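The structure appears below as structure tokens.
Any read-out appearing in this document is the output of simple, stated calculations on the displayed coordinates, not a laboratory observation. Note that the structure is predicted; figures quoted are calculated from it, not measured. Here Cβ is always computed from backbone atoms with ideal geometry, including for glycine, and neighbour counts include all displayed protein chains.
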Amino acid sequence: MTVYTQKFKVQSVEKALSKNANTTLKQIAENLGVGYSTLQRWIRLAKNNKLETPTPRMSKEQSPQEWNKVQRLEIIMACHSMTIEQVSSYCREQGIYPHHIDEWKAEFLLDKQDTTSISKQDKKKFKQEIKQLKK
């Protein structure tokens, strides 16, 4: 994704608004190397006086989906003996919601069940192989 400077955006909008009758907005967007819909959005923002205010950058914090299993387990263990109010407060400090903890618990339990069912299947295969080898 290309990031354009504010100066470039303003100049692009000025160029688009001062175009002659023979030039289309699509042609201007192509000449600038910008998407047509992007240029339209910049024009719309400029008309609402919102183009020159920089958009806030996304925070550098991890989203809950990016947390690894160790971090998730630590959160689950930390919240285990807390009340609902304490869990909510703790979650706010960590930048997550209480439902994330419930989802993570369910994932851990599902992973545990999956590994036991896989080992049962493997046992079955091994028993069949042993029978065939004995024959």
From phi via Karplus (6.51, -1.76, 1.60), per-residue ³J(HN,Hα) for segment 119-125 in Hz, x at Gly/Pro: 5, 5, 5, 4, 4, 4, 4
Signed unit charges on C-beta, dipole axis of the chain, positive-most listed residue Ser88, Ser37, Gln71: Ser37
Two-site FRET efficiency, Glu107 against Val3, from Cβ-Cβ distance with R₀ of 35 Å, rounded to 0.05: 0.50
Helical mean residue ellipticity (222 nm; -39500 (n - 2.57) per DSSP H run of 4+; nearest 500) of the chain: -22000 deg cm²/dmol
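Between Lys26 and Lys47, what is 0.36 nm times their sequence separation minus the Cα-Cα distance? Round to one decimal in nm.
On the way: separation 21, 0.36 × 21 = 7.56 nm, distance 1.86 nm.
Computed gain between Lys26 and Lys47 is 5.7 nm.
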GNM top mover of Trp104, Trp67, Trp42 - the chain, alpha-carbon springs below 10 Å: Trp42
Spatially proximal lysines relative to Lys26 (Cα-Cα < 19 Å; intrachain offsets below 8 disregarded): Lys9, Lys15, Lys47
Rounded to the nearest 20 debye, dipole of the chain from Cβ charges on Lys, Arg, Asp, Glu: 760
Table column - 3J(HN,Hα) (Hz), segment 70-86, Karplus curve with 6.51, -1.76, 1.60, x for Gly and Pro: 5, 5, 5, 5, 4, 5, 4, 5, 5, 8, 4, 9, 8, 7, 4, 5, 5
